1. Quick check: anything in segment 106-115 surrounded by fewer than 11 Cβ atoms within 10 Å (Cβ to Cβ), modelled with pLDDT of 90 or more and more than 31 Å from the chain's Cα centre (by Cα)?
2. What is the residue count in segment 120-154 for residues that are assigned to a loop (DSSP other than H, G, I, E, B) and closer than 23 Å to residue 86 by Cα?
3. Could you check how many residues of segment 32-61 are touching a helix residue (DSSP H, G or I) at 6+ places or on another chain (Cβ under 8 Å), farther than 18 Å from residue 98 by Cα and not in a helix (DSSP H, G or I)?
4. In segment 85-100, how many residues are assigned to a strand (DSSP E or B) and either in contact with a helix residue (DSSP H, G or I) (Cβ under 7 Å, 6 or more places away or on another chain) or free of Cβ contacts under 8 Å to residues at least 40 places away in the same chain (or both)?
5. For residues in segment 62-79 being in contact with a helix residue (DSSP H, G or I) (Cβ under 8 Å, 6 or more places away or on another chain) and not in a loop (DSSP other than H, G, I, E, B), which is modelled with the highest pLDDT?
6. Can you name the residue in segment 2-31 that is in a loop (DSSP other than H, G, I, E, B) and within 27 Å of the chain's Cα centre (by Cα) and is also surrounded by the fewest Cβ atoms within 10 Å (Cβ to Cβ) among such residues?
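The values are calculated or read from the model by the stated rules, or taken from the named source; none is laboratory data. Just so it is clear, the structure is predicted and the values come from calculations on it, not from any experiment. Heads up, the Cβs are rebuilt from the backbone with ideal geometry, glycines too, and the neighbour counts pull from every protein chain shown.
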């Protein structure tokens, strides 16, 4: 299977029609190329359009999100965040995604996904999307029920959507996981240090004793008072009569004061 061209119109941030040819021009002559641009310029939308044309879904649309998006005050127009029609650009009456590809049988096909509003007007009610598949080398065409069209596309691609996003289109989270697995496949992962080693490498914090309870603090003070002798004071003054009066002596510095 080989992607030959990508076309679309009014998808998310890409306004109007666009076309990207991979089987002719400069891109056909190079083996590797990059899609570059600022945030919101439509890089991921190009890949979303390719997936929509082939499978009517995209990696960022797959999931179980229950968020509703749509116009305020128009409950009938609210869509689930995983609804592919939510990629239609705001203010556009219609849009499409189209992919030319070479199938596993060597033939060339064109898959197309269409979405529109009533009468193709921006204020119209959003209609059901449609899909089609056409052979470029004959008049064969498949359209109608989307389930049948998807089966025909997958048969000619030789890939389901899950296989496609694992082998052809790698979304960023999956690509990062795969790169990590490839980097660790050559050898065992580095041994993680034991908890004791990690603890010894960090500086230990000084233990702070728990604050005593009021009753325990009172008992500690009483024991300290009973075990310690009364201390003399070098300042002029007095203490309660129960302990006697202590006055400073007039002797030299360092002499023991007299007491009464």
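1. So the first thing to find is which residues in segment 106-115 are surrounded by fewer than 11 Cβ atoms within 10 Å (Cβ to Cβ), and the list is 106.
Subset that is modelled with pLDDT of 90 or more: 106.
With more than 31 Å from the chain's Cα centre (by Cα) added as a condition, the list becomes 106.
Checked against the condition, which is being surrounded by fewer than 11 Cβ atoms within 10 Å (Cβ to Cβ), modelled with pLDDT of 90 or more and more than 31 Å from the chain's Cα centre (by Cα), segment 106-115 yields at least one hit.
2. Taking segment 120-154 and keeping what is assigned to a loop (DSSP other than H, G, I, E, B), we get 121-125, 127-129, 136-140, 144-145.
Still in the list and also closer than 23 Å to residue 86 by Cα: 121-125, 127-129, 144-145.
Looking only at that region, the number is 10.
3. Residues in segment 32-61 being touching a helix residue (DSSP H, G or I) at 6+ places or on another chain (Cβ under 8 Å), farther than 18 Å from residue 98 by Cα and not in a helix (DSSP H, G or I): 4 in total.
4. Quick first cut of segment 85-100, residues assigned to a strand (DSSP E or B) only: 88, 94-100.
From what's left, either in contact with a helix residue (DSSP H, G or I) (Cβ under 7 Å, 6 or more places away or on another chain) or free of Cβ contacts under 8 Å to residues at least 40 places away in the same chain (or both): 94, 97-99.
Residues flagged as assigned to a strand (DSSP E or B) and either in contact with a helix residue (DSSP H, G or I) (Cβ under 7 Å, 6 or more places away or on another chain) or free of Cβ contacts under 8 Å to residues at least 40 places away in the same chain (or both) within segment 85-100 amount to 4.
5. Filtering segment 62-79 for residues that are in contact with a helix residue (DSSP H, G or I) (Cβ under 8 Å, 6 or more places away or on another chain) and not in a loop (DSSP other than H, G, I, E, B), the one modelled with the highest pLDDT comes out as 79.
6. Within segment 2-31, the first condition is being in a loop (DSSP other than H, G, I, E, B), and the residues that meet it are 12-13, 22-25, 30-31.
The next check asks that each one be within 27 Å of the chain's Cα centre (by Cα); those that pass are 12-13.
Numbers: 12: 19, 13: 14.
Restricting to residues being in a loop (DSSP other than H, G, I, E, B) and within 27 Å of the chain's Cα centre (by Cα), the top hit is 13.
A quick yes/no check of all residues on (1) modelled with pLDDT of 95 or more; (2) exposed (fewer than 13 other Cβ atoms within 10 Å of the Cβ); (3) out of contact with any strand residue (DSSP E or B) (no Cβ under 9 Å at 6 or more places or on another chain):
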residue	(1), (2), (3)
124	no, no, no
139	no, yes, yes
153	yes, no, no
164	no, no, yes
167	no, yes, yes
